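Worksheet: the structure to be examined is printed underneath.
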Amino acid sequence: MLTSAENETLVRVGPGTPMGELMRRYWMPALLSRELPEADCPPVRVRLLGERLVAFRDTAGRVGLLSEFCAHRGASLWFGRNEEGGLRCVFHGWKYDVDGTCLDMMNEPGAFDFKQKVHLRAYPVVESGGLVWAFMGPPGRRPPPPEFGWTQVPEAHRYVDKTWEECSWLQGLEGGLDTSHVPILHRRLREGTGQPGINPSAPLLRGRAPEVVVETTDYGYRYFGVRELEAGEVYVRGYHFVMPFTQIRPGADFTGGDLVAGHMWAPMDDENTMVYNWEYSLASPMEDPQAVARELGSGPGEIDERFRKARNRDNDYRIDRGLQRTDTFTGIFGVNTQDHAIQESMGPIADRTLEQLGQADKAIIAARKLLLDAAQTVADGGEALGAEAGVSALRAADRVIAPSGDWHAEMLAEMHGDGA
Ligand code: FES
Ligand SMILES: [Fe+2]
């Protein structure tokens with residue numbers, strides 16, 4: 001349970017808010033690189049941390065991320081023409097390069113031209129892992145470019161997409177840090193039905209409810225859900241929480257393979273979130289990326305051109321009560337769609353003053369504390385927790401551990417690449 005003031009601090013992300021200022025100390029996913037597939041392609045709207053922006057790829061292939069609204073009289077540059085070396089507003093023809101420098105003013109005769117005085121807000125970007133990342137904080141606080149496991153592997157080893165979630169970023173993150181819900185919300189009632197979810201025979205589902213163990217680190221924390229199985233074995237799922245909103249978890253096969261997956265919950269504003277979903281294989285190309293998309297609920301016809309779900313609040317996520325009786329716990333198709341349905345059902349901003357939390361919610365409690373403390377540190381002029389931490393070697397893992405095994409040592413060896 002939180003106080004109302006703590007809840008407000010955590011969920012408000014606009015400029016000048018404590019959490020917004022904390023988030024502006026990290027590289028943030030702004031869009032998928034494939035949304036700007038080629039030089040001079042149409043611009044794309046981006047909403048991030050309460051700001052409305054426009055992204056474009058110029059003639060040289062560089063990406064610009066600018067205020068959506070023209071510096072002249074505020075028309076949306078999304079309608080703009082992506083011309084030779086810049087984005088031109090179609091209202092009066094002012095043109096901007098990727099740095100926001102005004103290059104030309106079509107509506108002013110030469111003698112009155114004041115383009116050298118005009119600068120449109122622009123944020124630095126880098127591209128890696130199939131994403132365009134933006135840094136929206138003070139220039140002197142810019143950390144090294146983001147490096148995660150999935151951004152380092154060849155493109156064919158990786159699946160990445162994104163989905164618009166219609167609630168606060170914190171509801172999404174807390175869902176991702178809540179291992180106890182996974183074999184419940186995402187349960188298949190029987191095998192071989194073709195419905196996304198977790199099979200009854202999987203150790204995740206056979207195990208008892210988990211004991212949750214959280215260990216804080218210089219990037220956030222790692223945590224374990226330890227589930228007793230039969231005959232003295234335990235099944236352990238190990239995750240990482242990387243500040244401020246990244247989850248790294250075992251891949252979707254739930255069988256102890258080498259797949260690693262996760263999400264980033266990038267706040268669009270206080271009540272909307274762009275969820276980046278990724279999965280990758282260290283060892284080999286992804287065998288069937290479309291199978292990942294289907295499992296998540298992002299396959300063909302599921303997500304529109306603005307990344308909204310076809311199954312959404314307006315149609316009750318097309319819940320099938322027949323399937324809910326016979327095949328899946330929710331009757332909703334798609335693992336992510338199940339998460340979104342339940343997280344959005346809590347309202348645009350959940351009221352955390354009314355909760356009753358238990359042992360199973362330890363990871364959620366720990367994340368809130370880290371975030372609140374980090375926001376205070378930044379407000380006091382300090383460094384943001386984890387902004388400079390090296391996280392590229394972090395792996396998530398799940399393993400069945402023998403009765404004689406040391407689950408903690410075995411998991412650590414799997415989860416830090418170098419065994420540290
Ligand atoms: S509003 Fe964009 S050029 Fe006038
Ligand atoms: Fe979930």
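The values are calculated or read from the model by the stated rules, or taken from the named source; none is laboratory data. Worth saying up front: this structure is predicted, and the values here are computed from it rather than measured. Counting neighbours? That spans all protein chains shown, and the Cβs are built from the backbone with ideal geometry, glycine included. Each accessible area value is taken on the protein alone, full model and side chains, heavy atoms only, with ligands, DNA and RNA left out. Shrake-Rupley method; radii C 1.70, N 1.55, O 1.52, S 1.80 Å.
Below is a table of values for the structure above.
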| quantity | calculated |
| --- | --- |
| Given (1) open to solvent by 70 Å² or more (accessible area, probe 1.4 Å); (2) aromatic (Phe, Trp, Tyr); (3) within 20 Å of the chain's Cα centre (by Cα), index of the condition residue 278 fails | (1) |
| Close pairs (7 angstrom Cβ cut-off, 6 or more residues apart or separate chains): in the same structural domain as residue 229 (by TED's automatic domain parsing) in the stretch 181-205, open to solvent by 50 Å² or more (accessible area, probe 1.4 Å) and outside any loop (DSSP other than H, G, I, E, B) anywhere | 185/342; 189/326; 196/294; 197/187; 198/187; 203/400; 205/187 |
| Residue match in the stretch 329-336 (condition: of a type in the set (S, T, N, Q) and modelled with pLDDT of 95 or more) | yes |
| Any hit, the stretch 131-149, residues being in contact with a His (Cβ under 7 Å, 6 or more places away or on another chain) and either open to solvent by 40 Å² or more (accessible area, probe 1.4 Å) or within 16 Å of ligand 2 (Cβ to nearest atom) (or both) | no |
| Single residue of the stretch 106-130 satisfying the filter (in contact with a helix residue (DSSP H, G or I) (Cβ under 6 Å, 6 or more places away or on another chain) and in contact (Cβ under 8 Å) with a residue 24 or more places away in the chain) that is surrounded by the fewest Cβ atoms within 10 Å (Cβ to Cβ) | 127 |
| Some residue of the stretch 167-177 being open to solvent by 30 Å² or more (accessible area, probe 1.4 Å), in the same structural domain as residue 312 (by TED's automatic domain parsing), more than 20 Å from residue 242 (Cα to Cα) and not in a helix (DSSP H, G or I) | no |
| Hits in the stretch 219-235 - residues which are assigned to a strand (DSSP E or B) and charged (D, E, K, R) | 222, 227, 228 |
| Test: residue in the stretch 184-204 that is under 17 Å from residue 396 (Cα atoms), more than 16 Å from ligand 1 (Cβ to nearest atom) and at pLDDT 95 or above | no |
| Members of the stretch 1-38 that are in a helix (DSSP H, G or I), hydrophobic (A, V, I, L, M, F, W, C) and open to solvent by 10 Å² or more (accessible area, probe 1.4 Å) | 5 |
| Test for residue 355: is it assigned by TED's automatic domain parsing to the domain that holds residue 164, under 21 Å from the mean Cα position of the chain (by Cα) and surrounded by fewer than 19 Cβ atoms within 10 Å (Cβ to Cβ) | no |
| Filtered residues of the stretch 380-405 (kept if buried (at least 19 other Cβ atoms within 10 Å of the Cβ), aliphatic (A, V, I, L, M) and part of a loop (DSSP other than H, G, I, E, B)) | 384, 385, 387, 391, 394, 396 |
| Of the criteria (1) open to solvent by 20 Å² or more (accessible area, probe 1.4 Å); (2) more than 16 Å from ligand 2 (Cβ to nearest atom), which one residue 180 fails | (2) |
| Residue that is farthest from residue 133 (Cα to Cα), among those in the stretch 57-93 that are surrounded by fewer than 18 Cβ atoms within 10 Å (Cβ to Cβ) and among the β-branched types (Val, Ile, Thr) | 90 |
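Every residue, every condition in (1) open to solvent by 50 Å² or more (accessible area, probe 1.4 Å); (2) of a type outside the set (A, V, I, L, M, F, W, C), yes or no:
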position	(1), (2)
333	no, no
343	no, yes
347	no, yes
359	yes, yes
407	yes, no
